[in-house]
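J.: Next up is a structure, given as structure tokens.
The values are calculated or read from the model by the stated rules, or taken from the named source; none is laboratory data. Every value quoted in this text rests on a predicted model; they were computed, and no experiment measured them. Here the Cβ positions follow ideal geometry from the backbone for every residue, glycine too, while neighbour counts run over all protein chains shown. The accessibility values were calculated without ligands, DNA or RNA, using every heavy atom of the protein model including side chains. Shrake-Rupley method; radii C 1.70, N 1.55, O 1.52, S 1.80 Å.
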Amino acid sequence: GGLPFIAHLELTDEIVYGYLQSIYNTIILKDVVARFNIRNVNFLNRLLEYLADTIGSLVSANRISDFLKSQKIKTTPNIVLDYLSYLSSSFIIREVNRTNIKGKKIFEINEKYYWEDLGLRNSLVGYKATETGQMLENLVFSHLLRLGFKIHIGQLENKEIDFVAEKDGKKIYVQVAYLISDKATKDREFGNLLAIPDNYKKIVVSMDKLIGSDYQGIQHQQIIDFLQNDQLL
């Protein structure tokens, strides 16, 4: 995570997670529960657990409501929307809408949610190696947000572009992959960007350096290099 006081702690799971959990409890109990007079704290925690497990996935209030009902938690899409707005206004999560790249239409359903701080997310549900791709996507989102970009999820017919980021009248497209491990992955991640009919910068971000720095005009950046780059435009 990005909470600065962690730098002063002994970097062991017990100490760091203890600190993060105390921060999480303080934010949830003071900034959300008390501020919005929430009585069903269990529902709020289950909603956050769901969002922690669905980073990078398209979700909707109806889908969340159906999931919580399957967990024997009674709710409605309107209540879910209210709770999501509470969490967003408390800067725990960020909602990102989809945009049609060709038609420039903003879709009003099926958005994505990213965490303001991954440490807080991990203190709630832990971290598994199988979630590395999700963590990378959230990191890329956080970096774009920090640099002042307005961010959407791109939709191009049946293809999805992870991030369409705009600032100062310019735009970049970013795809995020854990590893470009085979031709199918390479064709998918680079192919989605190659299908976009404009000349704005296009970047694939991953954890490897196996394919060089450029592919048919599309940049490939290793995640550390990307996160250290404040001049993306």
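J.: Pairs please, first residue from segment 220-233 and farther than 17 Å from residue 164 by Cα and without any contact (Cβ under 8 Å) to a residue 60 or more places away in the chain, second anywhere and assigned to a strand (DSSP E or B) and hydrophobic (A, V, I, L, M, F, W, C), Cβ atoms under 9 Å, 6+ apart in sequence or on different chains.
T.: Matching pairs, first to second residue: 222/205; 225/205.
J.: Considering only segment 40-52, I want to know if a residue exists there that is touching a strand residue (DSSP E or B) at 6+ places or on another chain (Cβ under 6 Å) and either assigned to a helix (DSSP H, G or I) or at pLDDT 90 or above (or both).
T.: Yes, because at least one residue in segment 40-52 is touching a strand residue (DSSP E or B) at 6+ places or on another chain (Cβ under 6 Å) and either assigned to a helix (DSSP H, G or I) or at pLDDT 90 or above (or both).
J.: Being open to solvent by 50 Å² or more (accessible area, probe 1.4 Å) and free of Cβ contacts under 8 Å to residues at least 40 places away in the same chain is the requirement here; does residue 127 meet it? Working first, answer last.
T.: Values: open to solvent by 50 Å² or more (accessible area, probe 1.4 Å): yes; free of Cβ contacts under 8 Å to residues at least 40 places away in the same chain: yes.
Here the answer is yes, as residue 127 does meet what is asked.
J.: Scanning segment 87-106 for residues that are among the hydrophobic types (A, V, I, L, M, F, W, C) and touching a helix residue (DSSP H, G or I) at 6+ places or on another chain (Cβ under 8 Å), which turns out nearest to residue 153 (Cα to Cα)?
T.: Going through the qualifying residues, I end up with 96.
J.: For segment 153-198, what are the residues that are under 15 Å from the mean Cα position of the chain (by Cα), open to solvent by 20 Å² or more (accessible area, probe 1.4 Å) and not charged (D, E, K, R)?
T.: If the condition is that a residue be under 15 Å from the mean Cα position of the chain (by Cα), open to solvent by 20 Å² or more (accessible area, probe 1.4 Å) and not charged (D, E, K, R), then 178 is the only one that fits.
J.: Could I ask something else about it? Could you check how many residues of segment 53-63 are assigned to a loop (DSSP other than H, G, I, E, B), closer than 19 Å to residue 125 by Cα and of a type outside the set (Ser, Thr, Tyr)?
T.: The qualifying residues number 2.
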